[in-house]
1. Return the loop-located GluC sites (Glu not before Pro) in the chain (DSSP other than H, G, I, E, B) with at most 15 other Cβ atoms within 10 Å of their own Cβ; answer none if there are none.
2. With runs of 4+ DSSP H residues as the only contributors, calculate the mean residue ellipticity of the chain at 222 nm using -39,500 (n - 2.57) per run, divided by the residue total and rounded to the nearest 500.
3. Rounded if a/c is under 1.5, else prolate if a/b is larger than b/c, else oblate: which is the range 1-58, with a ≥ b ≥ c the root eigenvalues of its Cα gyration tensor?
4. For the chain, which span is the longest to avoid every loop-located (per DSSP) member of trypsin sites (Lys or Arg not before Pro) having at most 11 other Cβ atoms inside 10 Å?
5. If I take every Cα pair under 8 Å that is 6 or more residues apart in the chain, average their sequence separation and divide by the length, what percent do I get for the relative contact order?
6. Going 7 Å from the Cα of residue 21 along its beta-carbon direction, which residues of the range 48-85 have the amide nitrogen within less than 15 Å of the resulting point?
7. Can you give the Rg and Dmax of the chain based on its C-alpha atoms, in angstrom?
Amino acid sequence: MDWIELIHLRTASDADRDAALAAFEQLSWADRESDLKEIKLLRNCALTLDLSLLIVWRSRVCPNAKSPLGLRLAAAFSDFGQINHSVWDCASSVDVTRQESTP
């Protein structure tokens, strides 16, 4: 089962957004955590100063707390603007290739 951490960053200026994008590109992922599946940096199409880090984890249970990695990333990116950090579990999904719902 996958669960995600979402770190939403609202920057105040183009310069802050660009600095956050550059900082993400400079991150080292050498100390990869065992349950870490992927990290994506997303840009909001309509609100150009908003970015989100999507951290995808693979484990049997969604934790009740934010991960140490997520906390470090949220703290680092708070230098560029306002942070909202949350943890999400998949409640349901639809396989569009089969048109079946899975709990």
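1. When the GluC sites (Glu not before Pro) of the chain are filtered for loop state and at most 15 Cβ neighbours within 10 Å, 33 remain.
2. -7000 deg cm²/dmol
3. Cα axes put the range 1-58 in the oblate bin.
4. The longest such stretch corresponds to 61-97.
5. That works out to 42 percent.
6. Counting only backbone N, you get 48-53.
7. Taking only Cα atoms of the chain, I get Rg and Dmax of 15.1, 45 Å.
Just so you know, all these numbers are worked out from the coordinates, no wet-lab data involved. Small disclaimer: the values here were computed from a predicted structure and weren't measured. Neighbour counts are summed over all protein chains in view; Cβ atoms, including those assigned to glycine, are modelled from backbone coordinates with ideal geometry.
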